[in-house]
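What follows is a short report on a single structure.
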Amino acid sequence: MQQNKQNRQKDNRKVLKLGIAGSLLMVGFGFALVPLYDIICDITGLNGKTGVLATSEVKEQAIDHTVTVQFDGTVNSDLPWSLKPQVFSMEVVPGKLYSTEYIAKNIAQIDVTGQAVPSVAPNEASIYFSKTECFCFTEQLLTSGEEKNMPVTFIVSPDIPKDINVLTLSYTFFNKSRLTAAQQAAAAEAHEKI
Amino acid sequence: MSQDITHDEVAHDHHDHDHKPKGFVKRWLMTTNHKDIGTLYLVFALAMFMVGGAMAMIIRLELFQPGLQFVEPAFFNQMTTMHALVMIFGAVMPAFVGLANWMIPMMIGAPDMALPRMNNWSFWILPFAFTMLLATLFMPGGAPAGGWTMYPPLVLQGGHNVGFLVFAVHMMGISSIMGAINVIATIMNMRAPNLGYLNMPLFVWTWLITAFLLIAVMPVLAGAVTMILTDRYFDTSFFNAAGGGDPVLFQHIFWFFGHPEVYIMILPAFGIISEIIPTFARKPLFGYVSMVYATAAIAFLSFIVWAHHMFSVGMPLGGSLYFMYATMMIAVPTGVKIFNWVGTMWRGSMTFETPMLFSLAFVVLFTIGGFSGVMMALAPVDLQYHDTYFIVAHFHYVLVTGAVYAIIAGAYYWLPKWSGHMYNERLGKIHFWWSTISVNVLFFPQHFLGLAGMPRRIPDYSTQFAEFNMMSSIGGFAFGLAQVLFVYIVWKTVRGGEKATAQVWEGAKGLEWTVPSPAPHHTFSEFGPVDLSKLANGEKFSILSDIDEKDDKQK
Ligand code: HEM
Ligand SMILES: [Cu+2]
């Protein structure tokens, strides 16, 4: 009887330890989902993050498939700017380089630094879309009242599936002056990837 | 820690006889007795049920008519958010833990929970967590108002309630995890030596599986809200797009917790129903083993379907298809359970006491909630249903007429064992019919509102929704009142009434019915074999328990 009880105590302690270990492991798993999510997004383009930087090397391509690229731009409510694309859509041949511009204006009385975050829809298309040059690669400073044309050069991969005929490139500008140093560092790191 | 446990068991030996500790503080604050802690949990859950219910009344009052009548929109949003948090973490989950505390040791012939001192701790964290959460209502900026799902960036725009919300969730999580570890240790180590796993009552089984779910997902929620906290106060950018983060990431982490969480709230309910129906049908549970496997299957599937909450957020076609089919698959083991309950009643000699009535209503109404769930699992049509009153109707059918009905049924079923008195059957039946009619008036029209396009979480709506909303509000007030009657019935029963016998119900089987009513402070204190013929499953699986016994002897 007494023997039995001690066994049970030992077993209970074991379950307790395993339970605590399991819980800590799952906290770790929760945090591991952050890099995991980024990796899955890189592979699948799940959240509209665009593909790796393309070389400007243009492949010869028969013009049997064209894609309409639509342009969209907004500013975050924290940023006193206006933003609109110069053209709203373009017919492009996959494999060729194209350029267009966005027009941004600072409507505030003060100078403001902004940072654009791009995204491509539909998600499936995003890995076939890459930008060789973009105003979103760096931060942008607009003095009070300044208006600026912001260029973007892009290429749609010839590997894009034939059933994707329309894709949308969208930018959201955030107020970088409002970000703290730590957030700016995180932003810089993230933007190296896009 | 190890010393603590040894100490507990020693302390336990000291008062292994029946008298309870004297004095309020010793009896309730410092208790390590599973029955007292169970009572504390149940009383706490009932109190939170009333607090959350009061918030629901405010919501239905404002929605009685279109236009803004009674409360500010900001306060309305606080009500929807707090109502959900209080009901989920304050009412339903603690009620199940309370039932586990009371019943599991008695059902498996154990003298107490395995880790009694931790048991005390895991309860007493809760009042502090909810004081902290509810205190935000009185702070400048008010309570959290971004929905119980806490999606960023919206949740971050709250005032300093974010910090309180996060720490309250942490504390609830720690409490649940400790409770879960205790349940697992109790079931694995404290069973009577001749009681095999496949002899355990289904309530014990469902709780064992639920406990594993809790350990697996509560820490993930803790991680997610910690990221919210650091995004809000420490300049990280987990969910901040400007800083390179992604708000959609939160939704994935949250629902990885969230979907298993809804099963945490329903599996113990399945267990309760599986105890009650055989008693009043006077037949053993049909398909006992398939019930166990179905429960395990549901628990497993619940981990791989989370993105059905995110169809409208956008995902690749393959993802939509996968989550759609995986979600629909859950309906299969759930269906097994429904059919088994019906099979148990088939040709049984049924009587319809209050616990049975609530259980029958559970089977019918929970199934309606399951059906609307399968409808929403269809990715293309969910784009229409998402974030409308249709989903509000869905989760109230599964949670109110599902989880809450099972808790109420269990309360009526075991109340005579806890208090030693029979409740008033007439009042119980009134409570049942009043609740069941009003709950359908309350939630059924919400299906139509959702299909017609009324969004959830809004204080005002356009006039074509007026009639159904008024119906729903009237049902809501009636349902709220019915629960006040429930509190009265419980109160009266605890205070006195017809003496209950040990077995209480003519057809009841299980070890809890072999001890006197009210159950003495200490039961099964002589650890040893129990009479298996008293179990609902009898000695059907005694071969398995023999093996277990040999195992124990080898130790
Ligand atoms: C056959 C079983 C079930 C299926 C197929 C199912 C399916 C779904 C789907 C697809 C949604 C998301 C709807 C949307 O946001 O557009 C949902 C939401 C929900 N379900 Fe279920 N469900 C089932 C059972 C349950 C059960 C048993 C519970 C709880 C006990 C539950 C609680 C909830 C809750 C609380 C939500 C709403 C979460 C929120 O957005 O606040 N469901 N269900
Ligand atoms: Cu779900």
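The values are calculated or read from the model by the stated rules, or taken from the named source; none is laboratory data. Since the structure is predicted, the reported quantities are computational estimates derived from the model, not experimental observations. Cβ atoms come from the backbone with ideal geometry, glycine included; neighbour counts cover every protein chain shown. The protein model used for the area step is the full one, side chains on, heavy atoms only, and it has no ligands, DNA or RNA in it. Shrake-Rupley method; radii C 1.70, N 1.55, O 1.52, S 1.80 Å.
Think of region B:28-554 as a dipole: +1 on every Lys or Arg Cβ, -1 on every Asp or Glu Cβ, centred on the Cα centre; then among B:ILE298, B:PHE468, B:VAL262, B:PHE468 lies furthest on the positive end.
Peptide B:232-243 is shielded by partner chain Cβ atoms: per residue, an average of 6 of them sit within 10 Å of its Cβ. When the protein assembly as shown is described by a simple charge dipole with +1 on each Lys and Arg Cβ and -1 on each Asp and Glu Cβ, the residue from A:THR132, A:PRO151, B:TYR322 located farthest towards its positive end is B:TYR322. The share of accessible area on chain B that comes from carbon and sulfur is 70 percent, using a 1.4 angstrom probe. Scanning residues 5 or more positions from B:HIS421 or on other chains, those with amide H under 5 Å from its amide H are B:ALA500, with H placed 1.01 Å from N in the peptide plane. Panel values: chain B, Kirkwood radius from alpha carbon pairs, Stokes-Einstein at 4 °C and 1.567 mPa s, translational diffusion coefficient 53 µm²/s. Taking amide H as placed 1.01 Å from N in the peptide plane, A:PHE173 has its amide H under 5 Å from the amide H of A:THR74, A:VAL75, A:ASN76, A:VAL117, each at least 5 places away in sequence or on another chain. Shown in residue order for region B:393-398 are the 3J(HN,Hα) couplings computed by the Karplus curve 6.51 cos²θ - 1.76 cosθ + 1.60 at θ = phi - 60°: 4, 3, 6, 7, 5, 6 Hz (x for Gly and Pro).
Mean separation of Cα pairs under 8 Å and 6+ residues apart, divided by the residue count of chain B: what relative contact order is that in percent? Relative contact order comes out at 19 percent.
Per residue of peptide B:178-191, the mean number of Cβ atoms on other chains within 10 Å of the residue Cβ is 4. Lys and Arg at +1, Asp and Glu at -1: add these up for the other residues within a Cβ distance under 9 Å of A:VAL152 and post the number. That sum, taken over residues with Cβ under 9 Å, equals -1. For the protein assembly as shown, the mean projected area of the C-alpha convex hull, equal to one quarter of the hull surface, is 36.0 nm². For region A:67-193, what percent of Cα pairs sit more than 21 Å apart? Here the tail beyond 21 Å accounts for 41 percent of pairs.
Taking the average, over residues, of other Cβ atoms within 10 Å as the packing measure, peptides B:84-97, B:110-123 rank B:84-97, B:110-123 from highest down. Ranked by the mean number of other Cβ atoms within 10 Å of their residues, highest first, the peptides B:416-422, B:330-336 come out as B:416-422, B:330-336. Only Lys, Arg, Asp and Glu carry charge here, each on its Cβ (+1 for the first two, -1 for the last two); on that basis the protein assembly as shown has a dipole of about 2260 debye about its Cα centre.
Between the residues B:GLY420, B:ILE407, B:MET345, the greatest Cα displacement towards the positive end of the dipole of region B:344-483, with unit charges on the Cβ of Lys, Arg, Asp and Glu, is found for B:GLY420.
Grouping the Cα pair distances of region B:240-339 into 5 Å bins from zero gives a pair-distance distribution of 2, 11, 19, 18, 15, 11, 9, 6, 4, 3, 1, 1, 0 percent in increasing distance order. Within region A:70-85, find all residues whose amide N lies under 15 Å from a label point positioned 7 Å from the Cα of A:GLU147 along Cα-to-beta-carbon. Residues passing the 15 Å test: A:81-85. Between A:ASP159 and B:ALA47, the modelled label-to-label distance comes to 6.2 nm, taking each label 7 Å out from Cα in the direction of the beta carbon. Here the dipole of region B:28-554 is about 800 debye; that uses its Cα centre as origin and unit charges on the Cβ of Lys and Arg (positive) and Asp and Glu (negative). Ordering A:GLU139, B:GLU425 by accessible surface, largest first, gives A:GLU139, B:GLU425; the 1.4 Å probe counts only protein heavy atoms, with every chain in place.
The sum of -39500 (n - 2.57) across all DSSP H runs of n ≥ 4, divided by the residue count of chain B, sets its helix-only mean residue ellipticity at 222 nm to -22000 deg cm²/dmol. With r as the distance between the Cβ atoms of B:MET188 and A:LYS5 and R0 = 22 Å, compute the FRET efficiency 1/(1 + (r/R0)^6) and round to 0.05. So, using R0 = 22 Å, E works out to roughly 0.90. Peptide B:213-224 shows a mean partner chain C-beta count of 5 within 10 Å per residue C-beta. Highest mean packing comes first when the peptides B:463-472, B:198-207, B:35-44, B:434-443 are listed by Cβ atoms within 10 Å, giving B:198-207, B:35-44, B:434-443, B:463-472.
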